[in-house]
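S.K.: This is the structure, below, for whatever I ask next.
The values are calculated or read from the model by the stated rules, or taken from the named source; none is laboratory data. Bear in mind the structure is a predicted one, so any value in this text is a computation, not a measurement. Please note: Cβ atoms are built from the backbone with ideal geometry, for glycine as well, and neighbour counts cover all protein chains shown. We work out accessible area using only protein heavy atoms, side chains counted, and drop any ligands, DNA or RNA first. Shrake-Rupley method; radii C 1.70, N 1.55, O 1.52, S 1.80 Å.
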Amino acid sequence: MFRKRIVPVVLFLSVLCACGTGRERGNREVATGGGRPLAVASASDVPGCFVVGGELYGYVCDVLRAYAEERGRELDFTAGSSASLIRKALGEGELDAGVFLAGGPGNGMSCPLWTTSYVVLAASGRLGGDRGLAGTVGPGRVVMQEGFTCTVTYGQVLDSLVGARLYIAPDNIYELAAGLARGESDFLICEKGEAAVAREFIPGLKVVYEFDEPVGIGLVFSSEDPASYHDFKEWFDTYRSGDAHAALSEAWSGRSPVGLFGGSGRSGRVPGGISVWDGMIREIGLREGVDWRLLSAIAYRESRFRHDVVSPSGACGLMQIMPVTARHFKIDQRLLSDPRVNITLAAKLLRSIEESLGMTGAAEEDRLSMMLAAYNCGIGTVQNARRIAAAEGRSPDSWEAVSHCLMLMGDSSYACDSLTYRRFRGYEETLAFVADVKRTYAAYCRTVG
């Protein structure tokens, strides 16, 4: 009798950004030489794995991205797949791992990843607090994703919200939150990490209720591949004791005081944009003659659009600028935490690199790759690799040749007798950086003007 109160599907027709639905393949991440892709798929009832503006978001996605980067592999992630198809793909060796709710398939080896919960989002004018779920929602229109129906709490919602209008929607969480902000619904039930992103991107939303039921999420590996399971588990046991994981947990639990993408108090994402810093990055890019989407792609790769990040090596801010760069441009390094200063220095550095490379007439793809490599590892290292390429009889303007020479510079058994140069052991990080930024830049060019 409860089902009579449920409208099976509601489709919000207005799409505010070029983002996929929960059943769309996410973008490939971190291409480095050598290793095959890390193929992972999440079941459709797993919350918190979604796509906004062509980018994968969620705690699980970020953990897998960190693991893939550490292992020098490409992450091929598919969100919202059928659980039975994932089990079949695991058995046939087409997937390395599947993401399931706790208590998922028993025919594999499972590593617990994350425990989260669902919350209720509403426009900021709505009352919440101690009114309870029924008192908060009343006769309102409540939208939820299909995954919520797999929880015990879903049955309790059906029992308690007798007067409410309940809708199950297949849309991306960003689309649902945008519809909530436009008044197409009154409340949205979503995972708390999804709520954190929605609140950061779309102004005027707040959490008015949190459900008690914990939702456990685990990574399941095929029983035919115990080595992969043990490798990930060993890595994860170390990773979750570090500062990077602590920051990740704070952000995706909604507890981070600065938010996920630029801090509290800033305007939310606008339709068709990239981040909360779009206006500033556009302005600086126009002034300095650098495509603002390229600057945004670097900011995403370096800091995930967080302005307060400082790396162990001392790189600061959105664009991870080193103090030596500030000194080079005669800027007080104490100002590196200022987003405007940070972005401006990044743009100036890119222009300086472009001029130093002097690759007039080179293919655009090669020129961009070389610039990004120099941004990551320094112009001197890239110039050394170009000189080695020339000494080896290859084009110093070819990224294929220069990237190979960067790897040779890290090979202790290699020597170029005609040149003196410093060994470079960070080539894997540089190649990953170039591939990742180029991929993100291409996605931004497709989705924003």
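S.K.: Once the other residues with Cβ under 12 Å from the Cβ of residue 282 are scored (Lys, Arg +1; Asp, Glu -1), what is the net sum? Don't skip to the end; give the middle numbers.
M.R.: On the way: positive: 287, 293; negative: 278, 283, 288, 291.
With Lys, Arg at +1 and Asp, Glu at -1, the neighbours total -2.
S.K.: Taking all protein chains as present, what is the carbon and sulfur share of the accessible area of the stretch 106-220, in % to the nearest whole number, probe 1.4 Å?
M.R.: With neighbouring chains kept in place, the figure for the stretch 106-220 is 52 percent.
S.K.: Roughly how many Å² is the accessible area per residue of the stretch 198-246, as a whole number, for a 1.4 Å probe?
M.R.: Numbers: 2520 Å² over 49 residues.
Ligands and nucleic acids excluded, the result is 51 Å² per residue.
S.K.: Sticking with this one: If you project the alpha carbons of the stretch 300-401 onto the principal axes, what extent comes out on each, in Å, largest first?
M.R.: Each principal axis gives a Cα extent; for the stretch 300-401 these are 44, 27, 24 Å.
S.K.: Rounded to the nearest 0.05, what FRET efficiency do residue 230 and residue 334 give with R0 = 51 Å and r taken as the Cβ-Cβ distance? Could you check? Could the numbers behind the result be given before it?
M.R.: On the way: r = 46 Å, r/R0 = 0.90.
Working from the Cβ atoms, E equals 0.65.
S.K.: Also, I was wondering about something else. Ignoring ligands, DNA and RNA, what percent of the accessible area of the stretch 286-333 is carbon or sulfur (1.4 Å)? Intermediate results must be reported in sequence, preceding the final value.
M.R.: Details: 1290 of 2200 Å².
Here it works out to 59 percent.
S.K.: Next question, about the same structure. Using θ = phi - 60° and the Karplus relation 6.51 cos²θ - 1.76 cosθ + 1.60, list the HN-Hα couplings for the stretch 431-448 in order, rounded to whole Hz, with x at every Gly or Pro.
M.R.: 5, 5, 4, 4, 5, 5, 5, 4, 5, 5, 4, 4, 5, 5, 5, 6, 10, 9
S.K.: Also: Expressed in nm², what is the orientationally averaged projection area of the convex hull enclosing the Cα positions of the stretch 136-221?
M.R.: Average projection, Cα convex hull of the stretch 136-221: 6.2 nm².
S.K.: Applying 1/(1 + (r/R0)^6) with R0 = 22 Å to the Cβ-Cβ distance of residue 416 and residue 324, what FRET efficiency is obtained, to the nearest 0.05?
M.R.: Details: r = 27 Å, r/R0 = 1.23.
That gives a FRET efficiency of 0.20.
S.K.: Could I ask something else about it? Once neighbouring chains are kept in place and the probe is 1.4 Å, which whole percent of the accessible area of the stretch 368-449 is contributed by carbon and sulfur? Working shown, then result.
M.R.: Working: 1740 of 3690 Å².
On the stretch 368-449, the fraction of accessible area on carbon and sulfur atoms equals 47 percent.
S.K.: R0 = 30 Å: FRET efficiency of residue 446 with residue 308, Cβ-based, nearest 0.05?
M.R.: Working: r = 30 Å, r/R0 = 0.99.
After rounding to 0.05, the efficiency reads 0.50.
S.K.: Would you mind working out the accessible area per residue for the stretch 280-338, using a 1.4 Å probe, and quoting it in Å²?
M.R.: Values: 2860 Å² over 59 residues.
Accessible area per residue, the stretch 280-338: 48 Å².
S.K.: Determine the distance separating the Cα centre of the stretch 152-167 from the Cα centre of the stretch 208-244; give it in Å without decimals.
M.R.: Between the Cα centre of the stretch 152-167 and that of the stretch 208-244, the gap is 31 Å.
S.K.: OK, next. Counting heavy atoms of the protein chains only and a 1.4 Å probe, report the per residue accessible area for the stretch 362-446 as a whole number of Å². Write down the numbers at each step before the final one.
M.R.: Values: 3950 Å² over 85 residues.
Per-residue value: 47 Å².
S.K.: Could I ask something else about it? Would you kindly calculate the translational diffusion coefficient of the stretch 324-365, applying Stokes-Einstein with the Kirkwood radius from alpha carbon pairs, for 20 °C and a viscosity of 1.002 mPa s, and quote it in µm² s⁻¹ without decimals? Intermediate results must be reported in sequence, preceding the final value.
M.R.: On the way: Rh = 11.5 Å.
Approximately 187 µm²/s, per Stokes-Einstein.
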